[in-house]
Amino acid sequence: MDIKKEIDQIKSSAEADINAAKTGADIDNLRVKYLGKKGPIKDVLSRLGTLPPEQRGETGKLANELKNSIEALLQEKAGFLGPAAAAVSAAPKVDISLPGKPYRTGFRHPIYRTMDEICAVFSKLGFSIVYGPEIETEFNNFEALNIPLQHPSRDAFDTFYVDNKNLLRSHTSPVQIRTMLKTKPPVRVIVPGKVYRPDTPDARHFYMFHQVEGLMVGEDVTFSDLKSVLSMFAQKMFGSSTKTRFRPSFFPFTEPSAEVDVSCIICNGKGILQQAEKEKACSTCGGSGWLEILGSGMVNPKVLQNVGYDSEKYTGFAFGMGVERVAMVKYQIDDIRLFTENNYRFLSQF
Ligand code: PHE
């Protein structure tokens, strides 16, 4: 066949192919097909020597022009398909319109969430957070806290003993001792953590629960400081209209001692609920209007002496609150066992 005709045919077939190209990969393939080492243009050029000498120059020129014009067409089409065309066509086929798999993010356990909230309130009041071990010495858990040998809580049946002198702490108060033995006044700490008591599980009791202990010792720390700190806490935690009530109580490590109640968040301290024209006693607070959340008091001077503090110079207050109790009040949970059952439907509500 006449070489010029051949060049014309290559041209029209290349144009048709480039026109039909849809992806970057098509462009790449066409470049190899027409301009590659085994392509028709190379073939034409290699045969120039077989032509009569006077035709060689013109044919060579035509072949080179064709090569340039195919290259230009390929580039133009690649630009039209977009810069991502080559990458997309080379990548494995993914249906990007398919909805993704739902991704479950984790969340804090309600007890730890509540504990964080409690700690955040006290942090703002200048308390620092400290921790203590769950296995305690009898000295820290009892002796130093002025709990006498005859006290029922020191009985093996009232505590989990690990050996003769060590036990699972029955409250976070031993961390008061650890802190005071390590630092000089002023002291202002809160202690979140787990505590253990051999209680038979029911709606309100469990053998493991959480407390947040508070301790402030310094010069001129008074009962009114305790009252204002705890009232402020209650309002931050349960709402600004929350009232607090201090009831006389007894703890060997505080003197005087007080049990602290907050006004019931369900009936607003009224003790009664309006339900469909009728009044009925509020079941959350049992009709009393109050919910107990913690024990507190002024640090017993004997405890200050036990850690080598000058009890004439320094005074302090301490409190210990049940985190489960606070969470139950705040989120209206009526059974403490729910916190440890690992029920996803329950836990995912928080
Ligand atoms: N440790 C006491 C308890 O577990 C609570 C408490 C702490 C009371 C600090 C007074 C002061 O019941």
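Laboratory data are not the source of any read-out in this text; all were calculated from the coordinates shown. It should be emphasised that the depicted structure is a prediction, and the values quoted were computed from it without experimental measurement. Note that each Cβ is placed from the backbone with ideal geometry, even for glycine, and that neighbours are counted across all protein chains shown.
Okay, here's what the table says:
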quantity	calculated
Leading residue by the ranking (farthest from the chain's Cα centre (by Cα)) among those in segment 150-164 that are away from the ligand (no atom under 14 Å from the Cβ) and assigned to a loop (DSSP other than H, G, I, E, B)	Gln150
Any hit, segment 292-309, residues being in a loop (DSSP other than H, G, I, E, B) and either touching a His at 6+ places or on another chain (Cβ under 9 Å) or within 17 Å of Gln332 (Cβ to Cβ) (or both)	no
Checklist (1) closer than 19 Å to Thr315 by Cα; (2) within 16 Å of the ligand (Cβ to nearest atom) applied to Ser224, failing item	(2)
Of all residues making up segment 268-291, the number that are in a loop (DSSP other than H, G, I, E, B) and among the acidic types (Asp, Glu)	1
Those residues of segment 165-211 which are more than 12 Å from the ligand (Cβ to nearest atom) and among the basic types (Lys, Arg), in sequence order	Lys165, Arg178, Lys182, Lys184, Arg188, Lys194, Arg204
Filtered residue count, segment 186-222, keeping only those that are assigned to a loop (DSSP other than H, G, I, E, B), in contact with a Lys or Arg (Cβ under 8 Å, 6 or more places away or on another chain) and over 24 Å from Pro152 (Cα atoms)	1
Selection within segment 308-329 - more than 15 Å from the ligand (Cβ to nearest atom) and under 27 Å from Tyr196 (Cα atoms)	Ala327, Met328, Val329
Selection status of Phe250, free of Cβ contacts under 8 Å to residues at least 24 places away in the same chain, closer than 16 Å to Val299 by Cα and within 14 Å of the ligand (Cβ to nearest atom)	yes
Verdict on Lys11 being farther than 30 Å from Lys93 by Cβ and not aliphatic (A, V, I, L, M)	yes
One residue from Gly286, Gly297, Gly269 being surrounded by fewer than 17 Cβ atoms within 10 Å (Cβ to Cβ) and on the phi > 0 side of the Ramachandran plot	Gly286
Enumeration of residues in segment 252-267 that are over 34 Å from the mean Cα position of the chain (by Cα) and in a strand (DSSP E or B)	Thr254, Glu255, Pro256, Ser257, Ala258
Subset of segment 268-296 (residues that are more than 34 Å from the chain's Cα centre (by Cα) and either within 16 Å of the ligand (Cβ to nearest atom) or among the aliphatic types (A, V, I, L, M) (or both))	Ile272, Leu273, Ala276, Ala281
Selection count where residues are surrounded by 15 or more Cβ atoms within 10 Å (Cβ to Cβ) and farther than 17 Å from Gln75 by Cβ, scope segment 9-40	2
Selected residue (only one of Ile177, Ile147 is within 19 Å of Val307 (Cα to Cα), in contact (Cβ under 8 Å) with a residue 60 or more places away in the chain and assigned to a helix (DSSP H, G or I))	Ile177
